[in-house]
Structures are given as C-alpha cells and as structure tokens.
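One structure below.
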Amino acid sequence: MLLASLVAGCASAGSTESTTNQGSTTTIAQVATTIGQTSQTVATTQAAPTTTEGAATTTGAIGTDSDIPQVCVDAVFDFIVGLEPLVAGFDFDNATLEEYQLLQVAQVPVLESFVDRLEGGECMEVIAAPNPAIAAEMVEFAQTEAPGAVAYLELLQAMSGLPVTGSCKPDVDTLQAYVDRGRTVFDLTAVERIYAFNLVGAINQWCPLEVGMAFTTRDDVVAFLGA
C-alpha cells in the first residue's frame, strides 16, 4: 500500500477487484523512492542537531544545511507521526495479502492529508527526489518521535531495489516471475512478500480492469498469493 492498491483511495476490502486513487498511489511511491533508493547511504549519513526558530527541531541535513523549505520538513515529519499508530505493531513478517490491504486502506486519510500539503508547491519535487539526507532524517526522526513507524520505514528502505513501475506489463511480468517459482508468498522473505503485495496493488491500479482481474484471479496467482 489490499485488495486495494499500494495506497488505495477507494477499495473493497478483501477483493482483488478494487479500484484506487492514482494521486495517493503516486505519492506513496515517491515517499518510498525517497527512503528506499538511498537506503545504502542512510547508515553513514550523519547530521548535527539544529533548531529552526518557530519550527520543529530538525537535524542539519534536512533542516538547515540544505535548501529544503521547513514547510516540507514539517510535512514529512507529520506524515510519519500520522502513520505511526497505523503501522506500529503490524506483523510485516507474517502478514497476509488481506491484512496488508486493510493496513493500506487505513493509511488513506494520512496519505491524502500529506498529498494536500505537498500539492501546489515545491515540496512534491523535493520529496520525490532521491536524497540520502531526507531518508536518514526520516529514520532518525522516527526513532525518537515515532518509534512505532521505524519498522515500516526500514521496510521501505529494504525494498529500494524492488521498484513498482506503475506500468501494467512490467509489473505483471515481475509478479509472474515470482509465481513461476512454484511456491507461495510465505516462502519469500518479508521484504519480497510485501513487494509482491505492492505489485498486486499496482496491477489492480494501472492495468485495464479486465487484464488485472484476469491475472490476479488466475488459479496459479491466487495460490501463490495465499488468497
């Protein structure tokens, strides 16, 4: 984030035939890009704490040592705080597709609020650009201010090399490659399992309805997903 898309705007819980909100999906993909593509540098990115007058305390990399507007920093941090009660304690290691769907549906209000704050300004471009400083700062912030969200951010980091394209055929082909292994999502690592679930969401969103339904309801795909 189903059976809704990665971040479903409208979803029918428990159905692989859901329709979704494209704007929200784009935003979470951008957030995942920001965190994930820079994951290898997060551990070595260090920043000294500083305080911006009239705003929340941030560290230098995202707060004062760059040109990132404070309003963008605050939007990201509020986004993390909003996600924490939803993702804290969620069992990503053993989650089923349906459980993950419900989590993503629950995130919709937080994501829509985040979109509203980013749209119409420079923040969308800032958040979408791969930036190790932003990624490191998000994790560091979560560790102190929203510890229940840390595992979720780390999951996004771990999926850095597993992109969802938002294009029908490439995402179908990628999921098909997993299906062809002849096992199920529960034989995958937690990271690969959540990635497979995200592919299902992308297929539901971006493929023509008949194409997406035909693929996700096929017997071998249903068996693979454990649905």
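In this structure, is Val211 surrounded by 19 or more Cβ atoms within 10 Å (Cβ to Cβ), over 25 Å from Pro69 (Cβ atoms) and either among the hydrophobic types (A, V, I, L, M, F, W, C) or out of contact with any Phe, Trp or Tyr (no Cβ under 7 Å at 6 or more places or on another chain) (or both)?
Against the criterion (surrounded by 19 or more Cβ atoms within 10 Å (Cβ to Cβ), over 25 Å from Pro69 (Cβ atoms) and either among the hydrophobic types (A, V, I, L, M, F, W, C) or out of contact with any Phe, Trp or Tyr (no Cβ under 7 Å at 6 or more places or on another chain) (or both)), Val211 does not qualify.
Run down Gly182, Gly201 and say which single residue is more than 19 Å from the chain's Cα centre (by Cα) and either surrounded by 16 or more Cβ atoms within 10 Å (Cβ to Cβ) or part of a loop (DSSP other than H, G, I, E, B) (or both).
One residue alone meets the criteria, Gly182.
Just the residues that are crowded, with 16+ Cβ neighbours inside 10 Å and either under 16 Å from the mean Cα position of the chain (by Cα) or not in a helix (DSSP H, G or I) (or both), please, taken from the stretch 214-227.
Listed by number, the list holds a single entry, Ala227.
Values in this text are rule-based calculations from the coordinates and carry no lab data. The model shown is predicted, which means the values in this text are computed figures rather than measured ones. Every residue, glycine among them, receives a Cβ derived from its backbone with ideal geometry; neighbour counts consider all protein chains shown.
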